[in-house]
1. Is there any pair linking a residue in the range 41-63 that is within 15 Å of ILE30 (Cα to Cα) and among the basic types (Lys, Arg) to one that is modelled with pLDDT of 90 or more and assigned to a helix (DSSP H, G or I), with Cβ under 8 Å and at least six apart or on different chains, and which?
2. Name the residues in the range 26-66 that are of a type in the set (Gly, Ala, Ser) and under 12 Å from ASP5 (Cβ atoms), would you?
Amino acid sequence: MKVGDLVMYKYDLARQPILENAPVGIVTHIDPEGIGDRQEVLVMWNDGGGLMNHSMGFLEVVNESR
């Protein structure tokens, strides 16, 4: 995962189907807190949620940036 990638929340299809109109976000920063955690990203969401920190483990890349 890198800055510019489009991401969605990772869903467990056995427990929860992918939601129609699920929010999509763009990764804006890696290790936003500057503590050396390269698995933490800052995401800007398209649902009005603004900027939020997330662990990469809970996100999936929809479209990679170049």
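1. Final answer for the pair search is none.
2. Within the range 26-66, just SER65 meets the criteria.
The values are calculated or read from the model by the stated rules, or taken from the named source; none is laboratory data. Everything numeric in this text was worked out from a predicted model, so none of it was measured. Methodologically, a virtual Cβ is constructed for each residue, glycine included, from the backbone with ideal geometry; neighbour enumeration extends over all protein chains shown.
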